[in-house]
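Below is one structure, written out as structure tokens; comments come after it.
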Amino acid sequence: MVSVAGQKRSLLLALVLGASGIAQAQEQLSQPAPAAQPPLDSVQAPLPNALEVKGTRPKSNPGVIPPAATTLPPELDRLNAPPSLALPTKPAQVRIDDLRPLGLAEVERLAEVNNPFLKSIAMQVEEAKSNLRAQISAWYPTLSLSTGSFPTRTFASRTQNYGGDSLTPNNPYDSPSPKTQTQTYGAVAGLNFNWDLINPQRVPQIAAARDSYEKAKNQYLIALRDLRLQTAQTYFGLQNADDQVRIGKSSVQSSLVSLRDARARFQAGVATKLDVMEAETQLARDQQVLTNGLSEQAKARRQLARILALPQTVTPTAKDPSVVLGVWQPSLQESIVAAYAFREELDNIILDISVANSNANAALGNVQPFLSIVSTSGWDKTFGEANVYGPADMGLVVENLRETIGMNLRWNIFDGGRSAAQARQQRQLAKENTFKFADQRDKLRYEVEESYFNLQAQVRNLITLSRQVLSTRESLRLARLRFQAGVGTQRNVVDTQRDLTQAEVSYSNAVSQYNTFMAQLQRRTGLDQVLRCVPPRLPAEPPAKDSLTDIPVLPVPTDSPCVIRPVSKAL
């Protein structure tokens, strides 16, 4: 037997796949149903531990998703992002002069290449890599060169008084004392070598840096998936805004037809002024729908341009029409399990646990012995003499060489319990992250269930709204024929036309929401098991227009909502 979910799926297939896709869908739905599972009360197997499934230090796997694009194809080469620090200063630099139609695949590629937020996340990965390399350097010795005076020159002259009293000015009995002179120049240099043989903090610090690096790579994958989802949602919103404009134009055109018929019948004396006023009121409502649609379209275009980081003078437009993307194949249970295995958010929490444990070990290492090899080499050379009577002999040369080698032991035996408290704090942080793991696990499941249930609701909405659009279209045609034949009223035409506009808007919103929930499921589960819809075969030529109903929709100028008083300039 076909399950209830299978029956719902077949209804949607009949709506969107056409005759050619129904046969394929029926073949898939005709597969035997899985055997009934025993109740949970009878078999309650323990759940596996996440550390056993993913490991205590899971590594990032960039191969789970296609990598981000780095270059643009020739047809999109002119849409490279402007420099990061570029800032327009003239109106001409932000004036839109290029409306570029783009498809969904093109906007995703542009976002991967141009988006500045994704570039900043990629730079954080490089920062974490540099930090890891800095921590690994603790395994290597250090060698430093220092100079005290390189070079230096000293010149000094000092008078010494051997009489015991200081010389008194203008005293003729004071005799001059001998003078000493210092005149030297030279250089001093030292070479220091240090190598930690035992460092209890080295291994945990490197382990924490490596886990942080893996976490940064996971954050990049998360940002890449979120960017693709955000790009797709914004593009679906732009398609919906385009549909709102199309519906608004069609409604205005239909209202113009109704107003034309009402005025003609009023002039012929077979209709009342009330019929004309009702037609004008409906025209005003439809013009408001068109105005709101144009506003949402402009905002959706600029929102997409912001995500794509396009040049300041380019605005994207939707090249693809708004259609149902496909049918989600996996069951709810398969989607939940796939999300648990796919999402890096759980891996990052496990890495946080590992980092906290490494920091605890590093804190305990502070009260353990450190042993290192040290060596100091020194050299200095001096020309001249210091503190000599008479002129200094610059030919005197003094050169010294020094070499010291040994081992240093440092052991902080007692620090008041500071290291033990810091280690206990990190262990508690690791325990806190285990509770965060449980919370994130439940959150991921709810996100998948929410998208799945919303998608199922939109399946039913698409079926009912499509029937509503078809029935209201036929009702409007019949109401207009009855009014033209004199057996109906303008009120029936206005009400039916309003119902048609609302039905078309609701159907367009349902298609956009359906595609959004589909993209959310793909993002949240990592699955791409979507049965694509068969595209409709459209004729190459547009349908012939009816001269009775084809009325051009003239653009409405943007006037001021009130009377503007001219401002007089001060003399």
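Values in this text are rule-based calculations from the coordinates and carry no lab data. In this text, all values refer to a predicted model and were calculated from it rather than measured experimentally. All Cβ positions, even for glycine, are placed from backbone atoms using ideal geometry, and neighbour counts span all protein chains on display.
Remark: spin-label model distance ARG491-LEU47 equals 6.1 nm, labels positioned 7 Å along the Cα→Cβ axis.
In straight-distance terms, cross-link reach from LYS249 covers every one of the lysines whose alpha-carbon lies under 20 Å from its own, apart from those fewer than eight places away in the same chain; here that gives LYS299, LYS319, LYS545. Computed from phi, the 3J(HN,Hα) profile of segment 504-517 under the Karplus parametrisation 6.51, -1.76, 1.60 (θ = phi - 60°) reads 5, 5, 5, 5, 5, 5, 5, 5, 5, 5, 4, 5, 5, 5 Hz, with x in place of Gly and Pro. Note that segment 211-365, at 20 °C in a medium of 1.002 mPa s, gets a Stokes-Einstein diffusion coefficient of 102 µm²/s from its Kirkwood radius over C-alpha pairs. Multiplying the residue separation of ILE136 and LEU481 by 0.36 nm and removing their Cα-Cα distance gives an extension gain of 115.8 nm. Comparing SER331, ILE413, VAL374 along the charge dipole axis of segment 329-464, the residue lying farthest to the positive side is SER331, per the Cβ-charge model. Here r is the Cβ-Cβ distance between MET277 and ALA421 and R0 is 60 Å; the resulting FRET efficiency, rounded to 0.05, is 0.15.
Each label was represented as a point 7 Å from its Cα along the Cα-to-Cβ direction; for GLN428 and ALA284 these points are 6.8 nm apart. Other residues within the sphere of radius under 14 Å centred on the Cβ of GLN124, judged by their own Cβ, net out at +1 (K and R +1, D and E -1). Extension gain, ASP97 to SER331: 0.36 nm times the residue separation minus the Cα-Cα distance gives 79.5 nm. Taking a straight Cα-Cα cut-off under 28 Å and skipping sequence neighbours fewer than 8 places away in the same chain, the lysines within cross-link reach of LYS59 are LYS119, LYS129, LYS215, LYS217, LYS431, LYS436, LYS443. When THR501, THR472, THR317, THR89 are arranged by Cβ crowding within 10 Å, least crowded first, meaning fewest neighbours, the order is THR89, THR317, THR472, THR501.
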